[in-house]
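Asker: Mind looking over this structure? Questions follow.
The values are calculated or read from the model by the stated rules, or taken from the named source; none is laboratory data. Keep in mind the model is a prediction, meaning the values are calculated, not measured. No Cβ is skipped: glycine too gets one built from the backbone with ideal geometry, and neighbour counts run over all protein chains shown.
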């Protein structure tokens, strides 16, 4: 049943949020710490368990896959409600802070990821020495 | 007639937004294929259209929720709100290969830490350059450069003025928008191809909204890996900014 998948997804979502909230409390922060990330890990674990133990039917998976497919439309709806006006009204300082931050992070990402190509070649079993 | 339509639109807000978003996706698909010859992905164009509409909506209503403040499109707030966004993000975890995620877990965590401290330092420096000298304002603006949620949370915690908090939100929103728009353009430069690279990106680029939209516009397959790390970003920021990072700034000024 499709609803089983969606229910599993919902259960992981809620449980993750609860754990993230508890983690936030434990750390003394006023926000949720990684609730969605924890929910994702739970779902990954549930799927793995369901596949190895055979309790997760393909039909149930549809109940999750549908929502995963709706991801991009949801993100577009999210873009539609960004406070673009406020960002622009923040003026040059906010703009400069954002531009420099994105530039620096882009460089950092590029540096770290450029190392991967070498790393993964070394690790992959069928890599030949050159 | 107008009130009737308005009533139908608000009573069926979510349903109407499905239709509206579907239309936007359809149009962006055509624009991508016929105007850019497939060079710019349809979803990237759709996100740009979304941001443009958000600006129009903000202009029309003066509200803070972009197009969702326009009565007819109030359902957008539900569809693109945190609840459904996070639900859809969690759903993408179904596509994650556990081995890939495990392999890149360490580097993802490091990226997350750099992605918190580096934006903060830059935010503080910019605020300093613009004449701010008190630790509270500097920290709040620095926190805003982490994400637009960390800014106000930090500012409220350490007692910043409303103007400074507004600035920190603006910096964070700008950052999210830049990440959304620039990621597809810079994807090659950032070597954004593998699950591991997406996790590094998720940690460093920060903001769930920026990362999720940026990756969606670049390569849909990478979304869950980036989101997995990015969802910790706001939490870590809210943990470090009002505490350790604030103390460091206070010691320095």
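Asker: Can you say whether residue A:68 is surrounded by 13 or more Cβ atoms within 10 Å (Cβ to Cβ), farther than 30 Å from residue B:151 by Cβ and either modelled with pLDDT of 90 or more or facing another protein chain (nearest Cβ under 7 Å) (or both), as far as the supplied structure shows? Spell out the reasoning first.
Answerer: On the way: surrounded by 13 or more Cβ atoms within 10 Å (Cβ to Cβ): yes; farther than 30 Å from residue B:151 by Cβ: yes; either modelled with pLDDT of 90 or more or facing another protein chain (nearest Cβ under 7 Å) (or both): yes.
Criteria met by residue A:68.
Asker: Within the range B:1-24, track down each residue that is within 14 Å of chain A (Cβ to nearest Cβ) and either touching a strand residue (DSSP E or B) at 6+ places or on another chain (Cβ under 8 Å) or free of Cβ contacts under 8 Å to residues at least 60 places away in the same chain (or both).
Answerer: First, the residues of the range B:1-24 that are within 14 Å of chain A (Cβ to nearest Cβ): B:13-24.
Matches in the range B:1-24: B:16, B:19, B:20, B:21, B:22, B:23, B:24.
Asker: Looking at the range B:103-119, can you tell me whether even one residue there is within 11 Å of chain A (Cβ to nearest Cβ) and more than 22 Å from the chain's Cα centre (by Cα)?
Answerer: Yes, the range B:103-119 contains a residue that is within 11 Å of chain A (Cβ to nearest Cβ) and more than 22 Å from the chain's Cα centre (by Cα).
Asker: So which of B:212, B:243, B:197 is in a helix (DSSP H, G or I), within 13 Å of the chain's Cα centre (by Cα) and in the same structural domain as residue B:115 (by TED's automatic domain parsing)?
Answerer: The unique qualifying residue is B:212.
Asker: Further, regarding this structure: Given the criteria more than 17 Å from residue B:206 (Cα to Cα), at the interface with chain B (Cβ under 7 Å from one of its Cβ atoms), without any contact (Cβ under 8 Å) to a residue 24 or more places away in the chain and under 20 Å from the mean Cα position of the chain (by Cα), does residue A:44 qualify?
Answerer: Taking the combined requirement at face value, the residue satisfies it.
Asker: Further, regarding this structure: Out of (1) more than 9 Å from chain A (Cβ to nearest Cβ); (2) over 30 Å from residue A:114 (Cα atoms); (3) under 15 Å from the mean Cα position of the chain (by Cα); (4) in contact (Cβ under 8 Å) with a residue 60 or more places away in the chain, what's the single condition that is false for residue B:158?
Answerer: The failed condition is (3).
Asker: When you look at residue B:105, is it touching a helix residue (DSSP H, G or I) at 6+ places or on another chain (Cβ under 6 Å), under 29 Å from residue B:219 (Cβ atoms) and assigned by TED's automatic domain parsing to the domain that holds residue B:248, yes or no?
Answerer: Working: touching a helix residue (DSSP H, G or I) at 6+ places or on another chain (Cβ under 6 Å): no; under 29 Å from residue B:219 (Cβ atoms): yes; assigned by TED's automatic domain parsing to the domain that holds residue B:248: yes.
In short, no.
Asker: Evaluate the following for residue B:17: is it closer than 21 Å to residue B:221 by Cα and surrounded by 18 or more Cβ atoms within 10 Å (Cβ to Cβ)?
Answerer: no
Asker: Moving to a separate point now. Restricting attention to the range B:35-46, does a residue exist that is in a helix (DSSP H, G or I), surrounded by fewer than 20 Cβ atoms within 10 Å (Cβ to Cβ) and at the interface with chain A (Cβ under 7 Å from one of its Cβ atoms)?
Answerer: Looking for residues that are in a helix (DSSP H, G or I), surrounded by fewer than 20 Cβ atoms within 10 Å (Cβ to Cβ) and at the interface with chain A (Cβ under 7 Å from one of its Cβ atoms), one finds none in the range B:35-46, hence no.
Asker: Would you mind telling me which numbered condition in (1) more than 11 Å from chain B (Cβ to nearest Cβ); (2) in a helix (DSSP H, G or I) residue A:55 fails?
Answerer: Unmet for residue A:55, out of (1) more than 11 Å from chain B (Cβ to nearest Cβ); (2) in a helix (DSSP H, G or I): (2).
Asker: Does residue A:88 count as more than 7 Å from chain B (Cβ to nearest Cβ) and modelled with pLDDT under 90?
Answerer: For residue A:88, the condition - more than 7 Å from chain B (Cβ to nearest Cβ) and modelled with pLDDT under 90 - is met.
Asker: What are the residues in the range B:73-101 that are more than 8 Å from chain A (Cβ to nearest Cβ), assigned to a helix (DSSP H, G or I) and modelled with pLDDT of 90 or more, if any?
Answerer: So the first thing to find is which residues in the range B:73-101 are more than 8 Å from chain A (Cβ to nearest Cβ), and the list is B:74-75, B:78, B:82-83, B:97, B:99-100.
Now drop any that are not assigned to a helix (DSSP H, G or I), which leaves B:75, B:78, B:82-83, B:99-100.
Those that are more than 8 Å from chain A (Cβ to nearest Cβ), assigned to a helix (DSSP H, G or I) and modelled with pLDDT of 90 or more: B:75, B:78, B:83.
Asker: Give the range B:176-192 a look and list any residue that's over 17 Å from residue B:227 (Cβ atoms) and either more than 7 Å from every other protein chain (Cβ to nearest Cβ) or part of a helix (DSSP H, G or I) (or both), or say none.
Answerer: Initially, the range B:176-192 is screened for residues over 17 Å from residue B:227 (Cβ atoms), giving B:177-178, B:181-182, B:185-186, B:188-189, B:191.
B:177, B:178, B:181, B:182, B:185, B:186, B:188, listed by residue number.
Asker: Scan the range B:47-72 for residues that are surrounded by fewer than 24 Cβ atoms within 10 Å (Cβ to Cβ), assigned to a helix (DSSP H, G or I) and without any contact (Cβ under 8 Å) to a residue 12 or more places away in the chain and report the count.
Answerer: 6
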